[in-house]
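Novice: This is the structure, below, for whatever I ask next.
The values are calculated or read from the model by the stated rules, or taken from the named source; none is laboratory data. Please read these numbers as outputs of a predicted model, since none were measured by experiment. All Cβ positions, glycine included, derive from the backbone under ideal geometry; neighbour counts span all protein chains shown. Just the protein is used for accessible areas: all its heavy atoms, side chains included, with ligands, DNA and RNA removed. Shrake-Rupley method; radii C 1.70, N 1.55, O 1.52, S 1.80 Å.
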Amino acid sequence: MSERTLTALLKVLCFPPYLLMRLIQEVSGEGRWYRRQKRRMLTERAPLADAEFLRVGRASADDAPLWLAVRRSMAEACGLPSEAIHHPDRLADLWRMQWMGPDVLDLVFRLERSLGTKIPRAPIDEVFRGGWPEEFGQFAAHVVRALRDLRRTNSA
């Protein structure tokens, strides 16, 4: 079976579950909530440029790539441009915007792809053992700290 045929077959097989998920989203109100939240984040406030995001987060020059990677990974998972993610955004809302809900492993995979390095999940889990922060900026700061510590450990 050719790759093209296999791709077409997978699309046909995945379409009914996709339609069912969309129906559930619309009946439950999640689809409506997502569209309203996305509209708020994109049109009801100005986009936040990377330089301003880093300034607000007081990111050092060394940590800037980590901060931006965390922001871009979260934005990608939510279906947003990274400029739509601001420090005071509620983490609970950003998790809710993700297709399958909060998934730290997905975020770690996105960070690995963005940073081009393998990230063990344990250091990330350890940072949040006491619970999740309220705002995205706090969340990003914790992840950046864990990544920085991991980088130091690997270079030593």
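Novice: Got the relative contact order for the chain handy, in percent, Cα pairs under 8 Å and 6 or more residues apart?
Specialist: Working: 111 pairs, mean separation 33.6, N = 156.
Relative contact order comes out at 22 percent.
Novice: Heavy-atom accessible area of Ser2 with all protein chains present, probe 1.4 Å, nearest 10 Å²?
Specialist: Accessible surface of Ser2 is approximately 60 Å².
Novice: What list of ³J(HN,Hα) values in whole Hz, one per residue of the range 40-57 in order, does the Karplus curve 6.51 cos²θ - 1.76 cosθ + 1.60 (θ = phi - 60°) give from phi, with Gly and Pro shown as x?
Specialist: These are the phi-based 3J(HN,Hα) values: 4, 6, 9, 10, 9, 8, 6, x, 10, 4, 4, 4, 5, 4, 5, 5, 4, x Hz.
Novice: Let me ask another. Run the accessible area of the range 50-156 with a 1.4 Å probe and give the carbon-and-sulfur part as a rounded percent. Write down the numbers at each step before the final one.
Specialist: Details: 2950 of 5680 Å².
That share works out to 52 percent.
Novice: List every residue whose amide H lies under 5 Å from the amide H of Glu135, counting only residues 5 or more places away in sequence or on a different chain, with H placed 1.01 Å from N in the peptide plane.
Specialist: Leu91
Novice: Now for a separate question. Just report the Cα centroid separation between the range 108-143 and the range 43-85, whole Å.
Specialist: Using only Cα atoms, the two centres lie 15 Å from each other.
Novice: Within the range 70-94, what residues put their amide N at less than 14 Å from the label point 7 Å along the Cα-to-Cβ vector of Arg40?
Specialist: The answer is 85-86, 88-94.
Novice: Express in % the proportion of alpha carbon pairs of the range 1-134 at distances exceeding 21 Å. Mind showing how you got there, number by number?
Specialist: Details: 4821 of 8911 pairs.
Of all Cα-Cα pairs in the range 1-134, 54 percent lie more than 21 Å apart.
Novice: Work out how much length Glu134 to Leu9 would gain on full extension: take 0.36 nm times their residue separation and subtract the Cα-Cα distance, in nm to one decimal. List each step's numbers first, then the result.
Specialist: Values: separation 125, 0.36 × 125 = 45.00 nm, distance 4.26 nm.
Length gained between Glu134 and Leu9: 40.7 nm.
Novice: Calculate, for the chain, the solvent-accessible area per residue in square angstrom, rolling a 1.4 angstrom probe over the heavy atoms of the protein chains.
Specialist: Values: 9760 Å² over 156 residues.
Heavy-atom accessible area per residue stands at 63 Å².
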